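Values in this text are rule-based calculations from the coordinates and carry no lab data. Keep in mind that what you see is a predicted model, and the values were worked out from it rather than measured. Neighbour counts run over all protein chains shown; Cβ positions are idealised from the backbone, glycine included.
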Amino acid sequence: TGDGQVWILDGRGNPLPGWPQQVLSTQREPIHLIPGTGGLTSSVMTLNENALYVWNHEGELLPEYPIFMDAPFTGGASVNLSASSVALASLDGRVYELDIQTDGQSSPSLVLVDTLQIVTEARQGTLLPSLSSVGSYSAFTSNFGYVFVHDTQRDTLYTTKMPGDASTDGAAILLEWEEKTLVVAATQSGQALAWELPGLQPLNILPPGRIESFTFGDVEQDGDIEWVVKTPAGIQTWTLYPPTTDTVVLDTLM
């Protein structure tokens, strides 16, 4: 809420015991549930400015929380329950890798295992609030329009520069489609681009036109993927069909 409170409600809209809990400032970031297994109760995680909070289901802060970082978080949080890991992005271009720890805990906790400097403000801007992961790939986007693709060890595989600054609502996301892995992103001017992995080869699959934000889904429930787009004219959808590869040389950052 705007007064910096985090609420957990039941199905009738009533706060659960122990909630709400107070954070530093207006709460705009998503709330993430980390389920408990093997007798553990669930945990609740969120970001607020430069602080990371983790509570148990009763609203009690887990030991050592909140954790404060050097710069505010961008809101980008990739929670991978199958790999028991969490990745967080901050405005100084860093990505924090944390493991979900359950041993000796009553509720899942997070342990910082690595810090990576993905971008620097002087060269590539700051990270946008989007960390997208599919299979062995992860994608990051900076406000200057750079798209970074990493492997599971966060080693840089590919980097390219979009023709313009990136849109926060159009930050790069990964998509599995037609037995391919795609990267899709958009610029502030509303131009959408798509690439195929491996190699980050440009694809001609998206219709032209100015977009403000987008997502993907099987809207018609027929097995095909639709591109759902907010445009100046309203919400529009297109069905994606097998791509054609453009022979364009990438502006790859070494």
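The distance separating the Cα centre of segment 1-64 from that of segment 136-202 comes to 31 Å. Neighbours of SER109, meaning other residues whose beta-carbon lies under 14 angstrom from its beta-carbon, give a summed charge of -4 when Lys and Arg score +1 and Asp and Glu score -1. Could you tell me the calculated FRET efficiency between GLN201 and GLU121, based on Cβ-Cβ distance and R0 = 41 angstrom, to the nearest 0.05? About 0.90, to the nearest 0.05.
Seen from ALA83, the other residues with C-beta closer than 11 Å to its C-beta sum to a net charge of -2, counting Lys and Arg as +1 and Asp and Glu as -1. Close amide H contacts of GLY36 (hydrogens built in the peptide plane, cut-off under 5 Å, sequence separation of 5 or more or a different chain): SER42, SER43. For the pair VAL219 and ASP169, label points projected 7 Å from Cα toward Cβ lie 1.5 nm apart. Close amide H pairs (under 5 Å, H built 1.01 Å from N) link LEU131 with ALA77, residues at least 5 positions away or on another chain. Along segment 91-102 the Karplus relation, 6.51 cos²θ - 1.76 cosθ + 1.60 evaluated at θ = phi - 60°, assigns HN-Hα couplings of 5, 8, x, 9, 10, 9, 9, 10, 9, 7, 9, 10 Hz to successive residues, with x for each Gly and Pro.
Applying D = kT/(6 pi eta Rh) to the chain, where Rh is the Kirkwood radius over alpha-carbon pairs, T corresponds to 10 °C and eta to 1.306 mPa s, the Stokes-Einstein value obtained is 81 µm²/s. As a rough guide to protection, the peptides 58-67, 88-97 ranked by mean Cβ packing within 10 Å, highest first, stand as 88-97, 58-67.
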